[in-house]
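Every number in this text was worked out from the coordinates using simple rules, so none of it is lab data. Since the model is a prediction, treat every value here as computed from it, not as a measurement. A quick note on method: Cβ atoms are made from the backbone with ideal geometry, for glycine too, and the neighbour counts reach across all protein chains shown.
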Amino acid sequence: SQTPQVWLDHQVIEQDGGLLLVWDAVEELFPPGVLDAMFTTYTRLLDHLGDHDWNTPLPPLLPPEQRIVRAAANDTTGPLPDTLLHDGFFAHAARTPHRTALLTQDDHVTYHDLADQALRIAATLRDRGTTPGEPVGVTLPKGPDQIAAVLGVLAAGAAYVPVGVDQPPERRKRMYQRAGVRTVLTRESMDAPPGEPAAVPLADCAASAPLDAPLPGNPDGLAYVIFTSGSTGEPKGVAVSHRAAMNTITDLNDRCHVTADDRVLALSALDFDLSVYDTFGLLTAGGTLILPHHDHRTDPDHWHHLAHTHHPTIWNTVPALLDMLLTTTTDDHPLPHTLRLALVSGDWVPLDLHPRLTHHLPHCTLIALGGATEAGIWSNHHHITTVPPHWTSIPYGRPLRNQHYRVVNHHGHDAPDWVPGELWIGGHSLALGYHNDPHTTNRKFPRTHNTRWYRTGDLGRYWPDGTLEFLGRTDHQIKINGHRIELGEIETALTQHPHITTATALKTPHTHQLAAAVTPDSEAAGDDSALDDLEDFLAERLPSYAIPQVCLVLDAMPLTPNGKIDRRAVADLFSKERSGGGSQPPRGPAEEAVAAVWEELLGISGIHRDDNFFSLGGDSLIATRMAQALRERHGVEVTLRQLFSAPTVAETAALIDSFEEGSL
C-alpha cells in the first residue's frame, strides 16, 4: 500500500447498493485511539442521518467510553460544609485564645486579641445601621488591621468588598458604586463627598464595646464581592457565598492535611482571591498568617527575612512569585526547611518549577491549582511529582470536591478527547453571580440539563485518562502575574482621553508586555506633547498592573477587510519597533555588562544605553533574575526597588558604579 500524501484521506465508494467508507491515515500523526474514536463517531453520525429526519437534533457525539471516563473524573461528591467563613476562627479564639493568629516582621497577634478587635468592628458597623448581607468596603494596607476588618465585617453579618489602597480613586469609586457600598473601613478619617460611602477609621472602632459573639448567618448568603476586570470598561463584582468558598477551603485543608501547626506567608492582596484561602484556610484550621509589610510585599528579600524569622509551612501564590523566591534562593538565603507545601495558581506553571523547588526542598509538595474567582477560588488540582519530557505545560488535572468540568464546543456539545473547547465549571463552589449585574450573570452562568455552569472563557481539552489541560483564552482577556485583565477595559480608558480617537490593547507576541496603540485626534496629530499626560490619565482609571508599558501613536489603525481593528497587524508593528529606547550603544564596562544581562534575560539583541527595561518587556520576575545575575557575576547587591528607580541601561550602570565608589 502507498502512504497517503495527507494526514487523512477519505474515500467513498458505491458498492452493492450501499456506500463503502475508507480512511487512509498516517497513524503516527494522531494520538493513540483518536482515529478509531473519530471513525466510530463518524459512522454513528451517518447512521443517524440515514435513519432520521435531518431536522432532528444530533445524537451525542462524545464516544461512550470517553463519557464513562469523564463521569468518573467528575465524580467528586463529598460532604458539603454548613459553616460560615469565619466560624472556624471564632471557635479557635474561644478554645485556644492565646495561640498566635498573625505574625508580622516584629509583632504578633493572638486569636483572642484578633477576635476582640473584630467584634468591636462588628459592633461599630451594627451601630451604624449595617444590615445582614450588606456589602462593606475594606480599603486598608496589608497588615493585621486588614484581617481584623474582614473578620469584623463578617461577624456583623455583612459581606466584605476588598478594594486596594493602590487602586486609582476613580476606579475605586466605581467599585463601591457597583457593589452598593455605604460604608468603607479605612485607616484614616475622610470626608465623603455626597453619594460616596462613609469612611470609618479602624481606630474609631476600638471605643466600641465588642459584640458577645458574631451574628448568625446563612451559609448560602453573600460572604464577599471581589472585582475583576470588565470588557466594557466597568469592573465586575463577583459575589461569592460562604458555602461556595468553604467548599474549596475544606477540600484543600483535608487534602493537604492543614492543621493548627501550619503557617502561610500571606503575600496575595486582599482583592485577589488567593487571599481568601490564606485568611480563612489557615484561620479555620487554627493556623497562623505571616503578613509582609505593605511597602515590601513584592520584595523577595523581605520574604526570605520573614521566612527565616517565622518559619512558614505553606506557600500560596501565582507561579511568578514562587519563581522569584527560587531565583533569589542562595546559600546565604536558603529556603526554610519548614516549607512543606507550595500551592501555585492563576497563571501558567513553568515546567522547571518542580525540579527547582525539590532541588532545595526534596520533601516539599507542589500542587498546581486552577479555576476562576467565579468558582470559589479554585476548581481543579494537579499534584506535580514528575514532568515528562513531552509535556508542553503543567495540566489542570482533576476537579476538586463537589466540583466538575465540561469541555464544550461552539455547538454547546462536549468536545471529544484532545479536541479544544471552552472550559465550563459546575458544582457547589460557583459564585452567586455578578453583584447587581443580572444580565452578565445570566450570560456567563447558563443552566443546561438542570445544572448551573460558569463559562470561563478558557480553552482546554480532555486527555483520554480524564485529565484536563489548559490551553489559553477564547477572548481578549489576558493575565499579568495572575491578575485577569480585560483588554476592553484598557481600551475604554484610553479612548476616554480627550485627544485619542481609537485604541487597541494587546500583549506583545515576543516580550509578552502589556502594550497599546492609539490614534490621536486632529488637534493632537501634530502636537507631540498632547499625549504627555497619558500615563497619569490612565493611573487615575486603571490599576497599576493594567497600565500599558509601552504605547505606539499611529496615524491610522490597521483594519481587517471587514473594518475591524487588525490586532495581528498591530502586534507586528510592536515586533518591528523598539519603544522607549535611544540609538546610542552602551558606554563603558558597566553599561556593557548590564546590556549583556538584559540581552540574555529579555531575549533581545542590540540593547541601547537609553532603553527602558520595562518597555522592552521586563517585569518583577525578570528584574529579580537580573539582580541575581548582577550579584553572581559582578558581586553587586542591588534591590528590586533600586532597579525600578533606575530602569535604563545607563541608570542601572550608574547605580552599579556608585556602589563600587561607595557612595550608596
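Okay, here's what the table says:
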read-out	value
Answer label, with Cα Rg over 2.2 N^0.38 Å calculated from the coordinates and candidates [x] 1.05; [y] 1.23; [z] 1.09	[x]
Whole-Å distance, taken between Cα centres, linking the stretch 163-182 and the stretch 105-134	22
Label-point separation, ALA94 to HIS410 (7 Å along Cα→Cβ), nm	5.7
Under-5 Å amide H pairs with VAL318, H placed in peptide plane, nonlocal only	SER345
Mean Cβ count within 10 Å, highest first, over the residues of peptides 385-398, 155-168, 367-380	367-380, 155-168, 385-398
Model label zone, THR330; criterion: amide N under 14 Å from point 7 Å along Cα-to-beta-carbon; scope the stretch 608-643	624-640
From phi via Karplus (6.51, -1.76, 1.60), per-residue ³J(HN,Hα) for the stretch 88-105 in Hz, x at Gly/Pro	x, 4, 5, 5, 5, 4, 6, 7, 10, x, 8, 5, 7, 9, 10, 10, 10, 4
Neighbourhood charge, 14 Å Cβ-Cβ cut-off, centred on HIS359 and excluding it, Lys, Arg +1 and Asp, Glu -1	-2
Estimated inter-spin distance, GLN105 and GLU535, nm [label 7 Å along Cα→Cβ]	2.7
Separation of alpha-carbon centers, the stretch 414-445 and the stretch 625-644, rounded to whole Å	44
Protection proxy ranking, peptides 524-536, 108-120, 328-340, average beta carbon neighbours within 10 Å, highest first	108-120, 328-340, 524-536
Local electrostatic count at TRP7 - Lys and Arg +1, Asp and Glu -1, tallied over other residues with Cβ under 15 Å	-4
Overall form of the stretch 588-660 per C-alpha gyration tensor (a/c, 1.5; a/b vs b/c)	rounded
Contact order normalised by residue count of the stretch 87-455, Cα under 8 Å, 6+ apart, percent	14
Backbone HN-Hα couplings from phi across the stretch 68-76 [Karplus 6.51/-1.76/1.60, Hz, Gly and Pro as x]	5, 4, 5, 4, 5, 5, 9, 7, 10
Amide H partners (placed H, <5 Å) of THR110, local residues excluded	ALA101
Of ILE13, THR43, LEU29, farthest towards positive along the dipole that unit charges on Lys, Arg, Asp, Glu beta carbons give the stretch 8-61	THR43
Antiparallel content of DSSP bridges confined to the chain, in %, to 5	65
Rounded if a/c under 1.5, otherwise prolate or oblate - the stretch 87-455, Cα gyration tensor axes	oblate
Extension gain, SER658 back to GLU27 (0.36 nm per residue minus Cα-Cα distance, nm)	220.8 nm
Sequence-distant residues sharing a close amide H with THR502 (under 5 Å, placed H)	THR519
Of LYS507/LYS576; LYS173/LYS507; LYS236/LYS444, those spanning more than 19 Å from alpha-carbon to alpha-carbon	LYS173/LYS507
Relative contact order of the chain, pairs being alpha-carbon contacts under 8 Å that are 6 or more residues apart, as %	10
Cα gyration tensor category, rounded, prolate or oblate, for the stretch 8-61 with a/c compared to 1.5	oblate
Stretchable slack from HIS383 to ASP527, in nm (0.36 nm times residue separation minus alpha-carbon distance)	46.2 nm
Whole-Hz ³J(HN,Hα) from phi, Karplus 6.51 cos²θ - 1.76 cosθ + 1.60, for the stretch 255-272, glycine and proline x	5, 9, 6, 7, 10, 5, 7, 8, 9, 10, 7, 8, 8, 5, 5, 4, 8, 10
Order by protection proxy (mean Cβ within 10 Å, highest first), peptides 273-282, 251-260	273-282, 251-260
